[in-house]
Amino acid sequence: MEYILLFFLLVYLFFPAIKTVTFHPDESHWISSSEVFEAYFSGKFSSPLWDISYMTVTQPPLPRYIIGLGRWMGGFRQADLNLPWEFDKDSLTNIAEGRKPSFELLWWSRLPMAILAAVSLFIGFWLLKKNNSRLIGYIWILLSLMSVYYPITLVRAMGDSALLFFIAITLIISYLLLQCSDNQITNKVSKLYIYFLFLGIAIGLAESSKLNGLSAIVAGFGFAVLIAFRMKQTQTMKIRFVLVSILILVFASQITFVGINPFLWKNPLVRTITMFNQRLIEMNVQTHVFPSSSI
């Protein structure tokens, strides 16, 4: 009952914000490009939507699938989508040209992001309660409810809420992994490898939400070394465990990342590098154009 009430309290935090948070022009791009939802889940992997373009190299598609699912549940199909926002035109021109989504389309596109945000903060409570105390968990809930940043950033139809959610999933898997890795570990190596497999998949999904989600893999490498250090095994077995765990993490995360993005299928390595290079270029441009917003 406690968990149910807290979850609905967090939902209450985010649901009013779906309607009240100011529209961000970036949402126009995410929603208009959510047509990849139909393309992917109907098996149209040769669609021109997966050709190299700004949309395919700037961000991975998982949040677009989530946005697509939300507006599909609201009855909005590809023909109902807005055009992408053009930043060299003023707001009135963009609106007149149909580049701003309707209120209803925006609401349904934001809905799954609000749900993922509530689940993410709930996971934070659960982990804090498990590892510390109920009091620490409730302090987390209180600070979450007081935040003005969360309801604005995490309800928008963009990639932030999906990124946070899958990072929260990596936290749960990491918690279970470390619980499993006690000092009596001789018969648990295969089970640990399974945890590393699921951790790799979660990291791949975080990377598929926003590219910086890949940074979570560094924590996975650290866990492999930490667990090997604690193992009552020979030095050779410890080194083997670290290498196998890291290979599982890398392959599981990158197969997941490539598997849900048909744009990468023709040349996974080159096109992945292209995406990261594009992100660095865009960050540098934004830092130059908006120096007061650089953090």
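What a 1.4 Å probe finds exposed on the chain is 69% carbon and sulfur by accessible area, rounded to a whole percent. Normalised by the number of residues in the chain, the average gap of Cα pairs under 8 Å and 6 or more apart makes the relative contact order 20 percent.
In loop segments of the stretch 39-144 as defined by DSSP, the trypsin sites (Lys or Arg not before Pro) with at most 13 further C-beta atoms inside 10 Å of their C-beta are 77, 89.
Per-residue ellipticity at 222 nm computed for the chain from its helices equals -22500 deg cm²/dmol, with DSSP H segments shorter than 4 residues left out and the rest contributing -39,500 (n - 2.57).
With the simple spin-label model, which puts each label point 7 Å out from Cα in the Cβ direction, the residue 295 to residue 97 separation comes to 3.0 nm. The long axis of helix 134-146 is offset from the longest Cα principal axis of the chain by roughly 20 degrees.
Sparsely packed loop sites in the stretch 249-291 (the trypsin sites (Lys or Arg not before Pro) outside DSSP H, G, I, E and B with at most 11 other Cβ atoms within 10 Å) comprise 266.
Over the chain, accessible surface divided per residue gives 52 Å², non-protein components excluded, 1.4 Å probe.
Kindly state, to the nearest 0.05, the FRET efficiency for residue 130 paired with residue 229, given R0 = 25 Å and r defined as their beta-carbon distance. After rounding, the FRET efficiency stands at 0.60. The GNM of the chain, with springs linking C-alpha atoms under 10 angstrom apart, assigns the highest mean-square fluctuation among 254, 233, 59 to 233.
Each Cα pair under 8 Å and six or more residues apart adds its separation to the average, and for the stretch 5-149 the resulting relative contact order is 31 percent. Taking a ≥ b ≥ c as the square roots of the eigenvalues of the Cα gyration tensor, an a/c ratio of 1.5 or more together with a/b larger than b/c marks the stretch 22-177 as prolate.
Lysine pairs in the stretch 50-198 whose alpha-carbon atoms fall under 26 angstrom of each other, counting only those eight or more residues apart or on distinct chains, come to 4. Distance from the Cα centroid of the stretch 96-166 to that of the stretch 1-72 is 13 Å (rounded to whole angstrom). Whole-Hz Karplus values for the stretch 86-99 come out as 10, 6, 8, 10, 6, 4, 4, 5, 4, 5, 4, 8, x, 9 Hz, taken residue by residue from phi with 6.51 cos²θ - 1.76 cosθ + 1.60 and θ = phi - 60°; glycine and proline positions read x.
The values are calculated or read from the model by the stated rules, or taken from the named source; none is laboratory data. Everything numeric in this text was worked out from a predicted model, so none of it was measured. Quick reminder, even Gly has a Cβ in these numbers, built from the backbone with ideal geometry, and neighbours come from all protein chains shown. Ligands, DNA and RNA are stripped out before the accessible areas are found, and what is left, the full protein with its side chains, is counted by its heavy atoms. Shrake-Rupley method; radii C 1.70, N 1.55, O 1.52, S 1.80 Å.
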